[in-house]
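What follows draws every value from the coordinates through simple rules; no lab data is involved. Computed from a prediction, not measured in an experiment: that's the story for all the values here. Cβ coordinates were reconstructed from backbone atoms using ideal geometry, including for glycine residues, and neighbour counts include every protein chain displayed.
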Amino acid sequence: MVKRKIVKRKIVKPETIERDVAPKPALPRHIAITMDGNGRWAEKLGKPRVAGHLAGVDAVRDTVETCARLGLEALTLYAFSTENWKRPQAEVSFLMRLLRRFLREEVELMRRQNIRLQGMGRLTALPAAVQRDLAESTAATAAGTGMVLTLGLNYGGRAEIVDACNARWEEARRQGETETVSMTERDLQAHLYAPTLPDPDLLIRTGGEMRISNFLLWQCAYSEIWVTPVLWPDFRGPDLMRAIEDFQGRERRYGGLARAAGKQ
């Protein structure tokens, strides 16, 4: 009797799933994420809303590490919007404390992963302690030559455009050009909060809501959008991979025609 050869199947671990994604040229250079659903996640479990924010830190850590391993150029996270100040004071205070803890505890990991951290938004309106921790973490990771991690803090897309226009006007005033000042797309781009970042190729929103919510309005003009019903605290590497794989299957035309003959 001929014995059958038993072939063991290789089990792919979640932490190595990124190896199965298409080669680096097909990856997005810059991914932006609206991290939505913390409150709903907590409510589903009968917990206070702040429990969702606390659990969301694990999703941030996992997403940052995965994007860094993939070799992405940039990751931008919508952490705190200009509208979030409208939330109950207790929740806002908790979010500020949580942000400070993240900045202090994750800085060494970011340095080991060659990540450069920066903030984006009306940062001077943040509490002084938050500004200090952000400045220290930014300085500590300034030598990073890998992925740029940008945190949108007290950020709003409309506010950014207004601030960019005012900055351009102030520049013209200092140079005595107020009578002839003009604004081009390049001028506005140069005065954005993070002018050197490439525009996001992929905008991910968790929690299932179909809206941009005032996030990167200028930069996302041609971003591919991927929405998942997964609430942010449950978002992990495999969810990110699904978004990237979907992105890789799209054809980006920027207002032009499809490459295939006859397609429009």
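Values as computed for the structure displayed
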quantity: Among (1) loosely packed, with under 13 Cβ neighbours inside 10 Å; (2) under 21 Å from ASP36 (Cα atoms); (3) of a type in the set (Ser, Thr, Tyr), the one test that THR124 misses; calculated: (2)
quantity: Matching entry among PHE102, PHE94 (being in contact with a helix residue (DSSP H, G or I) (Cβ under 7 Å, 6 or more places away or on another chain), crowded, with 17+ Cβ neighbours inside 10 Å, under 26 Å from ASP201 (Cβ atoms) and aromatic (Phe, Trp, Tyr)); calculated: PHE102
quantity: Odd one out for ALA194 among (1) under 27 Å from VAL130 (Cβ atoms); (2) free of Cβ contacts under 8 Å to residues at least 12 places away in the same chain; (3) crowded, with 16+ Cβ neighbours inside 10 Å; (4) not polar (S, T, N, Q); calculated: (2)
quantity: Among residues of the range 225-248, those that are touching a strand residue (DSSP E or B) at 6+ places or on another chain (Cβ under 9 Å), acidic (Asp, Glu) and surrounded by fewer than 17 Cβ atoms within 10 Å (Cβ to Cβ), counted; calculated: 1
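Yes or no, residue by residue, for (1) on the phi < 0 side of the Ramachandran plot; (2) in contact with a strand residue (DSSP E or B) (Cβ under 8 Å, 6 or more places away or on another chain); (3) not in a helix (DSSP H, G or I):
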| residue | (1), (2), (3) |
| --- | --- |
| ALA159 | yes, no, no |
| VAL162 | yes, no, no |
| ARG186 | yes, no, no |
| GLN189 | yes, no, no |
| PRO198 | yes, yes, yes |
| ARG250 | yes, yes, yes |
| ARG253 | yes, no, yes |
